[in-house]
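First the structure, in the form of structure tokens, and then the observations on it.
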Amino acid sequence: MTWDDVRRKLTSRKFWAAIAVFVPSLLVFTGVIDVNKAEQLKALIVLGGACVAYMLAETAVDVVRIAKEKDDVTEDLDNTEE
């Protein structure tokens, strides 16, 4: 992973949206914010959902980027054969 990749991840709206869901849910789950057990369970479910949603979104972005790079390489090969 290059510094450009890290910079792109840190400036991603998906990343900050996941952080905005993750941190409060983590505070509730760990008991920093005092709530009952049902709220803690809900916080745990939200934590898992936020992580899964972020991973799926990043996977979709990576698939599109890799497909685009592959198309660019194929296009370059086609142009050199002519």
### Task
Name the residue, out of Glu69, Glu58, Glu39, whose mean-square fluctuation peaks in a Gaussian network model built on the chain with Cα pairs under 10 Å.
Glu69
### Task
Calculate how steeply helix 37-81 sits against the longest principal axis of the alpha-carbon atoms of the chain, using the helix alpha-carbon long axis, and give the answer as 0 to 90 degrees to the nearest 10.
0 degrees
### Message
What are the ³J(HN,Hα) couplings of the range 17-34, residue after residue, when phi is run through the Karplus curve with 6.51, -1.76, 1.60 and θ = phi - 60°? Round to Hz, x for glycine and proline.
### Response
5, 5, 5, 5, 8, 5, 4, x, 5, 5, 5, 5, 5, 7, x, 4, 9, 6
### Task
With log10 I(q)/I(0) by the Debye sum over Cα atoms at q = 0.24, 0.27 Å⁻¹ defined as stated, name the option among (i) -1.20, -1.50; (ii) -1.06, -1.17; (iii) -1.21, -1.29 computed from the structure displayed.
(ii)
### Query
What's the tally of Lys pairs in the range 13-79 whose alpha-carbon atoms lie under 30 angstrom apart, where the two lysines are 8 or more places apart or on different chains?
4
### Query
So what's the net charge close to Leu56: Lys and Arg +1, Asp and Glu -1, counting the other residues with Cβ under 12 Å from its Cβ?
-1
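Quick note: the coordinates plus some simple rules give every number you see, no bench work behind them. Owing to the predicted nature of the structure, the values given are computational and were not obtained by experimental measurement. Heads up, the Cβs are rebuilt from the backbone with ideal geometry, glycines too, and the neighbour counts pull from every protein chain shown.
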